[in-house]
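The values are calculated or read from the model by the stated rules, or taken from the named source; none is laboratory data. As the structure is a prediction and not an experimental result, all values here were calculated from the model. All Cβ positions, even for glycine, are placed from backbone atoms using ideal geometry, and neighbour counts span all protein chains on display. Side chains included, ligands, DNA and RNA excluded: accessible areas come from the protein's heavy atoms. Shrake-Rupley method; radii C 1.70, N 1.55, O 1.52, S 1.80 Å.
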Amino acid sequence: DAGVIQSPRHEVTEMGQEVTLRCKPISGHDYLFWYRQTMMRGLELLIYFNNNVPIDDSGMPEDRFSAKMPNASFSTLKIQPSEPRDSAVYFCASSLRPAGAPEAFFGQGTRLTVV
Amino acid sequence: RKEVEQDPGPFNVPEGATVAFNCTYSNSASQSFFWYRQDCRKEPKLLMSVYSSGNEDGRFTAQLNRASQYISLLIRDSKLSDSATYLCVVNAESNTGKLIFGQGTTLQVKP
């Protein structure tokens, strides 16, 4: 398996534009997570899905952020409109249904810069 | 208060040194605990799970104190390749796989 695949790897956009980040989890994994990482706040959990259903979106910073998982092999995180403070590395991760100690596998991340 | 707290460091140590990282968590119902490693500009990867009885993997030893809600990672005989950020991770809801990350502790091993 190729692991968790994210695209794009880098994104530079102007303030006010819509940004869509994409993720393909590891085949067979039940859980998908979106995290955001900044120097100031570290890794923050934004939202996670179980079997394509959003379970907890309490980490989504505001209504400008939305996430979908239309099927087991694809998820998107959208920011509309984007702002400079959204600049961060966005990671997608997936894991199997927890049985004790679930390991989360991360994609390589999307480095977003909003200017 | 953050759910998982770590000293961000950086810890600068010479090769061969022993270094210890600490972490505290706020949710006493937390079930599973881990240490992840993150290299510069890379994604986090699982280093080791942390078990109640403590566990060792080569030069790495992890310990858990549930009463104090405290987790530690000890690295012996540190190598240059150990230079990275070490993330303390807690699974607060055992049936969901929801992982909460500490901010990380940066280790720099010098020759």
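The selection criterion, being within 19 Å of residue B:87 (Cα to Cα), open to solvent by 40 Å² or more (accessible area, probe 1.4 Å) and among the basic types (Lys, Arg), holds for residue A:41. With the condition kept exactly as written, say whether any residue in the stretch B:31-44 is out of contact with any helix residue (DSSP H, G or I) (no Cβ under 8 Å at 6 or more places or on another chain), more than 29 Å from residue A:10 (Cβ to Cβ) and surrounded by 18 or more Cβ atoms within 10 Å (Cβ to Cβ). Yes, some residue in the stretch B:31-44 is out of contact with any helix residue (DSSP H, G or I) (no Cβ under 8 Å at 6 or more places or on another chain), more than 29 Å from residue A:10 (Cβ to Cβ) and surrounded by 18 or more Cβ atoms within 10 Å (Cβ to Cβ). Residues in the stretch B:21-52 that are assigned to a loop (DSSP other than H, G, I, E, B), out of contact with any Asp or Glu (no Cβ under 7 Å at 6 or more places or on another chain) and on the phi < 0 side of the Ramachandran plot: B:28, B:29, B:30, B:31, B:39, B:40, B:42, B:43, B:44, B:51, B:52. Go through the residues of the stretch A:94-113 one by one and say whether even a single one is free of Cβ contacts under 8 Å to residues at least 40 places away in the same chain, open to solvent by less than 60 Å² (accessible area, probe 1.4 Å), more than 14 Å from every other protein chain (Cβ to nearest Cβ) and part of a loop (DSSP other than H, G, I, E, B). No, because not a single residue in the stretch A:94-113 is free of Cβ contacts under 8 Å to residues at least 40 places away in the same chain, open to solvent by less than 60 Å² (accessible area, probe 1.4 Å), more than 14 Å from every other protein chain (Cβ to nearest Cβ) and part of a loop (DSSP other than H, G, I, E, B). For the stretch B:54-73, give me the residue count where each residue is open to solvent by 60 Å² or more (accessible area, probe 1.4 Å) and either under 29 Å from residue A:94 (Cβ atoms) or under 11 Å from the mean Cα position of the chain (by Cα) (or both). Counting residues in the stretch B:54-73 that are open to solvent by 60 Å² or more (accessible area, probe 1.4 Å) and either under 29 Å from residue A:94 (Cβ atoms) or under 11 Å from the mean Cα position of the chain (by Cα) (or both) gives 5. Residues that are open to solvent by 10 Å² or more (accessible area, probe 1.4 Å), over 21 Å from residue B:58 (Cβ atoms) and more than 7 Å from chain A (Cβ to nearest Cβ) within the stretch B:82-105 comprise B:92, B:93, listed in sequence order.
Here is a yes/no grid of residues against (1) more than 11 Å from every other protein chain (Cβ to nearest Cβ); (2) at pLDDT 95 or above; (3) under 19 Å from residue A:113 (Cα atoms):
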position: A:2; (1), (2), (3): yes, no, no
position: A:8; (1), (2), (3): yes, yes, yes
position: A:24; (1), (2), (3): yes, yes, no
position: A:29; (1), (2), (3): no, no, no
position: A:50; (1), (2), (3): no, no, no
position: A:56; (1), (2), (3): no, no, no
position: A:66; (1), (2), (3): yes, yes, yes
position: A:74; (1), (2), (3): yes, yes, no
position: A:77; (1), (2), (3): yes, yes, yes
